[in-house]
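Note sheet for the following structure.
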Amino acid sequence: MFLKNCWYVAAWDHEVLADTLLSRTLLGNSVLLYRTEDGKPVAMDNRCCHRHAPLHMGRKEGDCVRCMYHGLKYDASGRCVEVPGQDVIPPKLKQRVYPTVQCRRWIWIWMGDPEKADESLIPDTFSMQHPEWRWSPSYLLYKANYLYICDNLLDFSHLSYVHEKTLGGSPNIAEARPEVTRLPTGVRVNRPVRGTVPAPYHGRLGSFPGKVNRWFHYDFIVPGILLLHSGLKSADNAEDDFTGALSFHSCQAVTPETESSTHYFFMLAHSFRIDDPVVTESVTQSQRAAFIEDKIMIEAQQQMIDTSSAQPMVPLASDLGLVQYRRVLHELLEAERSSETSGPERVMTP
Amino acid sequence: MFLKNCWYVAAWDHEVLADTLLSRTLLGNSVLLYRTEDGKPVAMDNRCCHRHAPLHMGRKEGDCVRCMYHGLKYDASGRCVEVPGQDVIPPKLKQRVYPTVQCRRWIWIWMGDPEKADESLIPDTFSMQHPEWRWSPSYLLYKANYLYICDNLLDFSHLSYVHEKTLGGSPNIAEARPEVTRLPTGVRVNRPVRGTVPAPYHGRLGSFPGKVNRWFHYDFIVPGILLLHSGLKSADNAEDDFTGALSFHSCQAVTPETESSTHYFFMLAHSFRIDDPVVTESVTQSQRAAFIEDKIMIEAQQQMIDTSSAQPMVPLASDLGLVQYRRVLHELLEAERSSETSGPERVMTP
Amino acid sequence: MFLKNCWYVAAWDHEVLADTLLSRTLLGNSVLLYRTEDGKPVAMDNRCCHRHAPLHMGRKEGDCVRCMYHGLKYDASGRCVEVPGQDVIPPKLKQRVYPTVQCRRWIWIWMGDPEKADESLIPDTFSMQHPEWRWSPSYLLYKANYLYICDNLLDFSHLSYVHEKTLGGSPNIAEARPEVTRLPTGVRVNRPVRGTVPAPYHGRLGSFPGKVNRWFHYDFIVPGILLLHSGLKSADNAEDDFTGALSFHSCQAVTPETESSTHYFFMLAHSFRIDDPVVTESVTQSQRAAFIEDKIMIEAQQQMIDTSSAQPMVPLASDLGLVQYRRVLHELLEAERSSETSGPERVMTP
């Protein structure tokens, strides 16, 4: 079961160009993504209501899309505006259209009650559009339930093991105790790691002859959005002396494709040496390499869960973040479910 | 559920040569097809009744087939005639044999009550064996339920869209209103298209500088047999003036492999320039290219139906043919079901 | 359902080297196989009890294994000995460990009640470690339930057909009547074949100008262990004259991977020309080629059973061995099931 009344990332902006008819399964629904002539993104049920042919195999005609099985044409509001060989168009011939917003470089979709689609709820991915930050976009499709990816992002102790040779570098990250704070729709995690070594990938970006302090400070909010500040500086410098420090900001989003597969959109921005494209490329490739390490581990975990008999997991102190997040998600799902069963007409009942 | 008391196409004649042991799944049953020494086709359960090994991995010995797991030998009537190391052959050792007829170039099989297998019910595929027609045989295996292929064949409006650049050529085909007549075991469709343009593939076969009239006239009968006359002539000529006209006849058969896959046997014969093999090749390749367009669309439709939540389709005027055909099929299935449950012994019950 | 209180072959010894972390699914359970520093094999649940990540993707550290997701470390008894960032280790953090024994070249595992794991029950595979025998190890993974492989090994009549051109050579093997004797945990089969021809593969090993006598004498015991003496000698020689005879001994083991797949470990030892490695290679390759013939047939049989409607098989006289074996297995399974439901506390019930 997925949370519906929230903004999911549906695509990177460059995945939906002027002529694109993109088919993407989101929360188990096949969705057609395209743009109107003025560039506004449209998200529509991809299944033609006539004979269930997929519209992404159709043809874009102005702001409309034509199904290329029997020629039905729909406008950007989902209304059928042409049926070849038939003058009267039954009102039932209508595709569901989802509220969609392009905000910075992500196309966001609201798959719940359209009345509740409030754009001000879209998380702030400021580093995607900021003169002081540089980055490149990335995407992976996971063969795993989205919650196992959320779990991973909520406990950075795995950096010491999964990413030992990339983002990690020592057991210190796992040994550090994070501070976990509950937010209205997520959790905030603060994990300072003091007196440690740089991560292997830092060696390509700066020079740290002595010990360093590293920091990871992030919000993880429903339905699976990570907004992370991280970095490192020399441990010898005073607290407020950032000489030679490296600062990063990362936006990441997990969007369920189905119960067993997940879209993963991510980037890692840097605010140092922003005029050197080689640095941007190095940062991006380091993140991608590391996230493929996660993918291999999490898909193996998923396969283990799928093929072995159900058994409870044993929780540890380091699971605090993910336990908290699942609690938030559970409460929101419960609230959504109860609001679905008791509508306004229920209130009238004595 | 499949109709059983009817003739299905099991194979093209050239698929079963003198030494062939062909395994083909028909209506969910694995069937062995081979020929006796005098060329008569035999269709037998492919599953050896002893340990369920497949007979097509066996050895043809005269009119018999020997299972090459433990050596049991069956004659063309399905009777076991040899058990190595055992003198007495239990009468239970018998393979089910299906009535089979080669008629013109198709091998037909009757998978219902053998008593009812009347050869005179086999549809007339005259153009397969006629001095005035030329053609080549084709075959495709669909990953789709056979009914979605029947639907496709019962509404030629799709020619304007799926086959826009091959068999279609303009929206006029979709705009034309067909005449649909019910037949005892199918429907007859007549779709004249007047004052239109030739199809793209006609350009390789004849010259039509002005407008043309096209015609499609066919019977579609259970369990999925299409017999189609089609063609085009200059719209400037009188009704009975066929100078420069191109005439085609097509025989097509869909046979369920399983609930989710279908055999599709087809050909397109031409009666003009019959001494030019390049024309035959061109006509055949045009049909194959177009039928691969259908396959891509219908398999995508099937996949959409499989992966999305059940939802009713919205019927249009153009669905008249397929609605009628499904009604015919439904009635025949109901009749077959009720005759299965109420046999003669039932009639005796007071 | 699998028998649990018995020794299964888990691996060839060379599959688990000093640094190996081998993941192998046995009876539906993902098992980690490795060796302690002193070479003792360890078999442990491969699923980390914390978040179900697979331990075989971890790191061997001395006698321990560390999960490389979050860094938990387990010793060879399955006890968790380290949790990064946490001082107290909950006693629930424990991996199930299975009794394991290396005996000759096979690593045996006991997946039932550890109290009952009696090493003296391990079958005697003497030829694996004997100065008078030579051989090479082989392995196949079947896409079939293990019982169909057992069936195959319990009725050598298939040698005449499946292995006509390899291990067979004539219908005489199928025609010979075997003697089948029940053992406490299996069956003994004696199948002498007199006055026959050598098998095709014998032609590369010896010279038999006239008729020969062949013998097959074996025990097949739970959970699927074959111990086979076979060979051939000139039919002209006296019963006790083994001049020019070829003697073989084969050890084979089937171990269920899942309900639909099976590990198959096997070897064929020869006691003639033991100093000629070309002979060992020829014997081994002949067996492998023949066992691939079995695999093709049995997987086809399994597929036929999977895809066709359930129907009883028709038993023959030649099925005596496999019917007897299945009866033994059924009785042992029943006994195991009833002992599971009635523990000591049941005995107390009046």
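Where a number appears in this text, it was derived from the coordinates with a stated rule and is not lab data. Model, not experiment: these values are computed from the prediction. Please note: Cβ atoms are built from the backbone with ideal geometry, for glycine as well, and neighbour counts cover all protein chains shown.
Key figures for this structure:
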{"item": "With Cα atoms, 0 to 90° folded angle of helix A:277-307 axis to chain A main axis", "result": "70 degrees"}
{"item": "Alpha-carbon centroids, the range A:65-139 and the range B:292-324: separation in whole Å", "result": "24 Å"}
{"item": "Cα-based Kirkwood hydrodynamic radius, the range C:1-159, one decimal, Å", "result": "17.4 Å"}
{"item": "Inter-site label distance for B:Met313 and A:Asp63 at 7 Å from Cα along Cβ, in nm", "result": "3.1 nm"}
{"item": "Aspartates and glutamates whose Cα lies under 12 Å from that of C:Lys165, excluding same-chain neighbours fewer than 8 positions away", "result": "C:Glu293"}
{"item": "Listed pairs C:Lys143/C:Lys233; B:Lys73/B:Lys143; A:Lys40/A:Lys94 exceeding 25 Å between Cα atoms", "result": "C:Lys143/C:Lys233; B:Lys73/B:Lys143"}
{"item": "Net charge over other residues, Cβ less than 14 angstrom from the Cβ of B:Lys40 (K, R count +1; D, E count -1)", "result": "-4"}
{"item": "Shape of the protein assembly as shown, Cα gyration tensor, a/c cut at 1.5", "result": "oblate"}
{"item": "Label-point separation, B:Arg96 to B:Asp240 (7 Å along Cα→Cβ), nm", "result": "5.5 nm"}
{"item": "Gain on full stretching of the segment that runs from A:Trp12 to A:Val278 - 0.36 nm per residue minus C-alpha separation", "result": "93.5 nm"}
{"item": "Within straight-line cross-link reach of C:Lys92, aspartates and glutamates at Cα separation under 17 Å, skipping those fewer than 8 residues along the same chain", "result": "A:Asp319, C:Asp45, C:Asp75, C:Glu82"}
{"item": "J(HN,Hα) series, the range A:88-98, from Karplus relation 6.51 cos²θ - 1.76 cosθ + 1.60, nearest Hz, glycine and proline x", "result": "8, 9, x, x, 5, 6, 8, 9, 5, 10, 9"}
{"item": "Whichever lysines have a C-alpha closer than 19 Å to that of B:Lys116, once near sequence neighbours (fewer than 8 apart) are set aside", "result": "B:Lys4"}
{"item": "Helix A:320-341 axis, angle to chain A major axis (alpha carbon atoms, nearest 10°)", "result": "20 degrees"}
{"item": "Chain B: Cys lacking any partner C-beta under 4.7 angstrom", "result": "B:Cys6, B:Cys49, B:Cys64, B:Cys80, B:Cys103, B:Cys150, B:Cys251"}
{"item": "Other copies of C:Lys143: label-to-label distances in nm, shortest first, labels 7 Å along the beta-carbon direction", "result": "1.5, 1.5"}
{"item": "Per-residue mean of C-beta atoms belonging to partner chains within 10 Å, peptide C:42-52", "result": "5"}
{"item": "Between the range A:201-231 and the range B:161-238, the Cα center-to-center distance that results, in Å", "result": "66 Å"}
{"item": "Karplus-derived 3J(HN,Hα), 6.51/-1.76/1.60, for each residue of the range B:257-268, Hz, glycine and proline x", "result": "7, 9, 5, 10, 8, 9, 7, 9, 9, 7, 7, 9"}
{"item": "Theoretical FRET efficiency, 1/(1+(r/R0)^6), r = Cβ-Cβ of B:His229 and B:Ser170, R0 22 Å, to 0.05", "result": "0.60"}
{"item": "Under-5 Å amide H pairs with B:Thr36, H placed in peptide plane, nonlocal only", "result": "B:Val42"}
{"item": "Inter-copy label distances at B:Thr243 (7 Å, Cα→Cβ; nm, one decimal)", "result": "10.0, 10.0"}
